[in-house]
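Some notes on the structure that comes next.
What follows draws every value from the coordinates through simple rules; no lab data is involved. Quick caveat: nothing in here was measured; it's all calculated off a predicted structure. Every residue, glycine as well, gets a Cβ built from its backbone with ideal geometry; the counts of neighbours run over all protein chains shown.
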Amino acid sequence: MLAAELHNSSSSSLEYMRPIWPRLAAIPLNTVVTPLSWELIEPREGKFDFTLVDGLIQDARRNNLRLVFLWLASWKNGMSSYAPVWVKQDTDRFPRVIEKDGNPVEILSTLGKATMEADARAFAAVMHHIREVDGEAHTVLMMQVENEVGVLGDSRDRSPGANQAFEGQAPRELVNYLQQHRDDLIPEFRQRWESAGGKTSGTWTEVFGAGPETDKIFMAWNYARYVQHVAAAGKAEYPIPMYVNAWLSGPGASPGQYPSGGPLPEVTDVWKAAGTAIDIYAPDVYAPNFAEWCDRYNRGGNPMFIPETRGGSAGQANVFYAIGQRNTIGFSPFGIDSWQDKDNDLGKSYEVLMQVAPIILQHEGSSEMTGFLLDKDHPAVAVEMNGYRLAVSLDDIFGMGAKTGFGLIIATEPDEFLGVGSGFRVSFSPASANLPHAGIGYVEEGSFSGGTWIPGRRLNGDENDQGKFWRFSPQRINTEKVVVYRYK
Ligand code: DGJ
């Protein structure tokens, strides 16, 4: 999915969206990530209105685009502003989080069973309807269940129901999961458990220690139980992939400053212990250390999907790392419908990646593909592929050095590599000793049309630094093939 996400309110009006669709298709995107809210789907209890679902699907199809729907229901950015009014106002039936100061906030409590069932019923109705109208065409590829959940303003819910649960025993299912998956737990989570004694029974505080991090684990369990239940109800109607997204923690921030209990990497094991309906734990990466967050999420068998991130020149580069190094199934900068990306930086990457997609898909998930981001703090990477050592560094010729570089490289044939990107150069040496030297046979730039390579210029002389480097000029995003050879 070479995608982007709409602003939160855009898709609440088909009329508002009408002129936007062709602009999105022209970027070019192949997928649009778009909200679908509980308040508009079920404005009165039990009365469903699918006008928006139908209209969005039809308009996406008219523009040859796919969709990912965001089910904005019990929570969106921690808060519950997208719940229908009949839910918001009935605080007895649908209890709220109470925080340290004793006041309820507009955050539905995960401990409200009736809330969970109401949300699950609505989501099941949505999925039933999507299957009816889209079960064959598959315009809708995936569902995001809720949005950036977690308690804001406190490290945990302190409503009576939550306090009672917190004082009780850590749930059997969770503790069993810890025991059964001990060796595969995310290391930082395992360390927390083991440093509190690695106990297999006891209260939350006994098993995980006292403090806000334990509050966060407690909230993760309760959000996970709720969201897995909602997702499972939807999947029972129409089982397409479902994911949750995380508001990431900033440096030095404590739970409650970011949503406490959301699917952060250090608690995804808790989420997994609570159910299996969620297929992907996905980070909303606005932070500059994009690669690090990808690395932290792409563990424990979790597929990579970036539902929200920065576009423009940052997105233009980051998508190469996400695909080349982390095999992402989708990349989706936020707020696409109001962008002033005059140079269409993101679109330039997407256009090339769409051309190369058939080759990427053949090599995805294997050691035959690599991706990288280079800058002054990370000026070089070394990789071994196809029997060669590749030294990848910022492009530099005649004293003109690139400040940033990005790209991906695929080993396409013995002694042949395909590269896409900008601002980097590569030198080769053999990975085995029998023929100790390697050289560049030739470099060809080109493009793909329907998966077929259309050669352009032969790049030699300054363009490959007199045969020393496979170069990708910082001035454009290039697609190039190199054939290398070995000698004594
Ligand atoms: C993250 C949220 O998930 C989005 O819905 C939106 O509010 C953005 N933040 C705004 O940056």
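Annotations for the structure displayed:
- Per residue, the convex hull volume that the Cα atoms of the range 391-488 enclose (Å³): 100 Å³
- The chain - mean residue ellipticity at 222 nm from DSSP helices (-39,500 (n - 2.57) per run, n ≥ 4, rounded to 500): -9500 deg cm²/dmol
- Over all distinct Cα-Cα pairs of the range 258-347, the Kirkwood formula returns a hydrodynamic radius of 13.9 Å.
- Computed extension gain for Glu194 through Asp90, at 0.36 nm per residue and net of the alpha carbon distance, reaches 33.2 nm.
- Coordinate range of the alpha-carbon atoms in the range 1-116 per principal axis, descending: 51, 30, 21 Å.
- Hydrodynamic radius of the range 1-42 per Kirkwood, over alpha carbon pairs, in Å: 11.0 Å
- The average projected area of the range 57-124, computed from the convex hull of its Cα atoms over all directions, is 5.8 nm².
- Put a dot 7 Å past the Cα of Glu237, heading toward its Cβ, do the same for Arg131, and the two dots end up 0.9 nm apart.
- Between the range 54-108 and the range 349-428, the alpha-carbon center distance in angstrom: 41 Å
- Glu206 sits among other residues whose Cβ lies under 12 Å from its own Cβ, and their net charge, with Lys and Arg +1 and Asp and Glu -1, is 0.
- The label-point distance for Ser367 and Asn434, in a model that sets each label 7 Å from Cα toward Cβ, rounds to 1.7 nm.
- Whichever aspartates and glutamates have a C-alpha closer than 14 Å to that of Lys47, once near sequence neighbours (fewer than 8 apart) are set aside: Glu39, Asp119
- Sites Leu14 and Asp184 - FRET efficiency at Förster radius 45 Å, r taken between beta-carbons, to 0.05: 0.50
- The Rg/Rh ratio for the chain is 1.02, where Rg is the radius of gyration of the alpha carbons and Rh is the Kirkwood radius.
- Mean separation of Cα pairs under 8 Å and 6 or more residues apart, divided by the residue count, gives the range 370-488 a relative contact order of 27 percent.
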